[in-house]
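The values are calculated or read from the model by the stated rules, or taken from the named source; none is laboratory data. Note that the coordinates shown come from a computational prediction; the quantities given were computed from them, not determined experimentally. All Cβ positions, even for glycine, are placed from backbone atoms using ideal geometry, and neighbour counts span all protein chains on display.
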Amino acid sequence: EKFIDSPIYELYDLKADFNEKANLFQPAQIRTYKDYLERIIKDFSAPENTKAKYKFDRKSLEKLQSLGYLSGSHVAINKKFTKADDIKVLLPIYYKTQDAWDTYKAGKTEAAISSLQKILAEKNKIDMAYKRLAGIYSETGRTHEALEILEQGLEQFPSSYETFIDYLKTLNNAAKYAQVIKAIDESDFAEIDLDPELWYQLGLAYLHLREYSQAIKAYEKTISLDSNYPEVFHNLGETYLALALKSKKRD
């Protein structure tokens, strides 16, 4: 048997119905299956606050995400779920979001923006729509609008690390370097210590602010996490040169 604990409960007999076409769930069964599921979760889940045993470089993380082992999307965290939060209801919205992105890639920018704005107006529980709309704004030079959308996304999804990274990149693109540093200082994401991209963005902000020693520390941290990151080596060399010229000027 397969039990799915969602706002719309599902129960299937996989031996007789492998394709899961007949939902056999009856309300009287709820406590039995929920108790059984809770025991499984307790027995096989890692303790809270367990740190990752292995570190992965940037390309490995991107590959894992593309294969579906790491999530690229978040939904707003609720304490009480309704049928509107069921995956069967949310999934079509994901598809609409992807369709809008495909529309943009086909050269129909305004149509894509309109579609994503409509999705956000109707349903703001999926972060991908914020990320896609911000991505279009960024790629078309509308950086201020991209920042506004990402800020709205972070307000709705404060635990979305992917949205946070997009926000840092966009702040750097908008030359808001002090805000990059402030955002990182005030964040408490568990991913920070393991993500070379964040440290690269931090180094970039410090470099533009001419705080070269801090930039070097951030870039060296990036390299310690991912030694196959060409951009950071270029920027690190540029930072050392700028620091040397600054010291020479003082002398």
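Among the residues of segment 177-200, are any touching a residue at least 24 places away in the same chain (Cβ under 8 Å), among the polar types (S, T, N, Q) and touching a helix residue (DSSP H, G or I) at 6+ places or on another chain (Cβ under 8 Å)?
No; the residues of segment 177-200 include none that is touching a residue at least 24 places away in the same chain (Cβ under 8 Å), among the polar types (S, T, N, Q) and touching a helix residue (DSSP H, G or I) at 6+ places or on another chain (Cβ under 8 Å).
Given the conditions (1) closer than 30 Å to residue 9 by Cα; (2) surrounded by fewer than 22 Cβ atoms within 10 Å (Cβ to Cβ), which single one is not true for residue 97?
Tallying (1) closer than 30 Å to residue 9 by Cα; (2) surrounded by fewer than 22 Cβ atoms within 10 Å (Cβ to Cβ), residue 97 fails exactly one: (2).
If you go through segment 157-172 one residue at a time, how many are of a type in the set (Gly, Ala, Ser) and closer than 19 Å to residue 142 by Cβ? Steps first, answer last, please.
To start, the set of residues in segment 157-172 that are of a type in the set (Gly, Ala, Ser) comprises 159-160.
Subsequent filtering for residues that are closer than 19 Å to residue 142 by Cβ retains none.
Qualifying residue count for the region: 0.
Here is a yes/no grid of residues against (1) in contact with an Asp or Glu (Cβ under 9 Å, 6 or more places away or on another chain); (2) not assigned by TED's automatic domain parsing to the domain that holds residue 130:
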{"position": "147", "(1), (2)": "no, no"}
{"position": "152", "(1), (2)": "no, no"}
{"position": "163", "(1), (2)": "yes, yes"}
{"position": "185", "(1), (2)": "no, yes"}
{"position": "188", "(1), (2)": "no, yes"}
{"position": "198", "(1), (2)": "yes, yes"}
{"position": "209", "(1), (2)": "no, yes"}
{"position": "230", "(1), (2)": "no, yes"}
{"position": "247", "(1), (2)": "no, yes"}
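Looking only at segment 136-190, how many residues end up being under 16 Å from the mean Cα position of the chain (by Cα) and not in a helix (DSSP H, G or I)?
The number of residues fulfilling the criteria is 7.
Answer yes if at least one residue in segment 10-22 is at pLDDT below 85, aromatic (Phe, Trp, Tyr) and surrounded by 10 or more Cβ atoms within 10 Å (Cβ to Cβ), and no otherwise.
Filtering segment 10-22 for residues at pLDDT below 85 gives none.
The answer is no, given that none of the residues of segment 10-22 is at pLDDT below 85, aromatic (Phe, Trp, Tyr) and surrounded by 10 or more Cβ atoms within 10 Å (Cβ to Cβ).
Could you check segment 203-220 and list, in sequence order, the residues that are touching a residue at least 24 places away in the same chain (Cβ under 8 Å) and on the phi < 0 side of the Ramachandran plot? Before the answer, list the steps.
Applying the first criterion (touching a residue at least 24 places away in the same chain (Cβ under 8 Å)) to segment 203-220 yields 203-210, 212-213, 215-216.
Selection gives 203, 204, 205, 206, 207, 208, 209, 212, 213, 215, 216.
Which pairs turn up if I take residues in segment 151-169 that are closer than 22 Å to residue 203 by Cα and look for partners that are of a type in the set (S, T, N, Q) and surrounded by fewer than 16 Cβ atoms within 10 Å (Cβ to Cβ) with beta carbon separation below 6 Å, at least 6 apart in sequence or on another chain?
Qualifying pairs under 6 Å: none.
Assess whether residue 187 counts as being closer than 24 Å to residue 232 by Cα and polar (S, T, N, Q). Please lay out each step first, then the result.
On the way: closer than 24 Å to residue 232 by Cα: yes; polar (S, T, N, Q): yes.
The answer is yes for residue 187.
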